[in-house]
Structures are given as C-alpha cells and as structure tokens.
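Inspection log for the structure reproduced underneath, given as structure tokens.
Each reported figure results from applying straightforward, stated rules to the coordinates on display, with no laboratory input. Everything quoted here is computed from the prediction, not taken from an experiment. Cβ atoms come from the backbone with ideal geometry, glycine included; neighbour counts cover every protein chain shown.
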C-alpha cells in the first residue's frame, strides 16, 4: 500500500491511497488497466452518473456504510476521460465523521474500503515521525544509491526503536527515546533497563556483556 506521490512508480498489483480529492481521470484509468487498486476521497466538484445502487447489509450498516454505488465519473459535455468506479458513503462509528470514497475496487466490501483508507493516517504518522526524528532533511550522498541507503537506515532505525518502545512498560514519547539513543550512542548500557528506570541504570564506556537483545517474535 502506498500514499500516492506523482513521482512514484507504482508496481502492478499495488494499492494506492490518496487524499484531497485527486482528480487525474487518465491516471485513474491507467491504474485500473495496470491492476493497481486506488482509493481516494471524491472531489466536491466531481460530476458522475449513478449506474447501480447496491443493497447494504445490516452488518455493513453497523460498520458505518451509508451508501454503496457503481458510478461513472466525468461530465458528458466535456472531453475529460470517463472513470468507471465505485462511490461509498461512510460514517465512522467512533468519531461520527462522514467520508465519501471512490475506488476501482468493485469486489471488496464497502466497510473494508473504509478501513483501508483509515490506514492512510498511520502512513502519515510514519512520515511525520521520520521528519521529526530522523536526519532526512539533508543527505550524506548525492546519488540514488546513497539516498536510498540513508532512507532505508532511517526506516530500520524507526522500526527497531518502535520495537523497543512496545516492549517496555514505562510510557515514553518516541522523540524522547530517539534523544536518549542519540545522546548515548557511544556509551554502553542496557537500553531496556534505562528506559524502565533511568535513575538506576549503569552507563559505562566499555562493554560488559550488555549487548541489547530484541524479542522479534512472539
């Protein structure tokens, strides 16, 4: 799954999640031809024709689905490409906020499309976390390989620090954990012990068999 950016090359079979009412109809049709599933909010000025209104089960209604229609976007009086797709009206049962999604996925349940779009926020939080805590505002190299290595290192560091954060009982802000690691990068200590009880943790400048071990499974 990807948050769409005009400069990304989208692999066949991927899912693209977009925000802000993206309106490139030619791109929508190209993705459909390439077997790329896309989901976005419908633009408020979009023109469409309803082809079919689907029945909504009680289970889907409880999940927040208000309307599920097959439509064709694009006005008849313009030369704009027409886009066969699906329109879903969804109200979040928790926040009570209403959304209107369009997608070329005609087979999945409407509630699944709503959950799929919700995952976009998690991706946005990842981007925000990387921007705030990882040194990606400048790059150590100027070629594609160097930039990719630095981005992958940032993603790996983010993953490892989140694993540590999820394995400790004491609540820490992610940025504070990053600051601790950055401050003691060349010191030796048990990171778990420090994060659970900083006052009693021993910090040394030489290793004493306190290599960090992560429980990556279970």
(message) Between residue 170 and residue 106, how high is the FRET efficiency from 1/(1 + (r/R0)^6) when r is the Cβ-Cβ distance and R₀ = 30 Å? Nearest 0.05.
(response) 0.05
(request) Could you pull out which residues in region 65-96 have an amide N less than 18 Å from a spot 7 Å beyond the Cα of residue 50, following the Cα-Cβ vector? (result) 65-76, 84-91
(message) Taking 8 Å as the Cα distance limit and 6 or more residues as the minimum spacing, I'd like the relative contact order of the chain as a percentage.
(response) 12
(message) From the P(r) of region 134-200, could you give the percentage of C-alpha pairs in the tail past 19 Å?
(response) 41
(request) Give the Rg (one decimal place) followed by the Dmax (whole number) of the chain, computed from C-alpha coordinates and expressed in Å. (result) 23.3, 76
(request) Provide 139, 186, 28 in ascending order of the number of other Cβ atoms located within 10 Å of each residue's Cβ, fewest first. (result) 186, 139, 28
(message) Relative contact order for region 134-200: what percent, with Cα pairs under 8 Å and sequence separation of 6 or more?
(response) 23
(message) Under 10 Å, Cα contacts only: if you run a Gaussian network model on the chain, which one of 133, 187, 29 comes out with the highest mean-square fluctuation?
(response) 187
(request) Enter the per residue convex hull volume of region 90-167, computed from alpha-carbon coordinates, in Å³ rounded to the nearest integer. (result) 170
(request) For region 2-121, compute Rh as the Kirkwood radius over C-alpha pairs and then the Stokes-Einstein diffusion coefficient at 4 °C and 1.567 mPa s; write the answer in µm²/s, rounded to an integer. (result) 88
(request) Quickly work out the residue 19-to-residue 81 label distance, labels modelled 7 Å from Cα along the C-beta direction, and quote it in nm with one decimal. (result) 2.5
(request) For an R0 of 35 angstrom, estimate the FRET efficiency from the Cβ-Cβ distance between residue 188 and residue 131 and round to the nearest 0.05. (result) 0.70
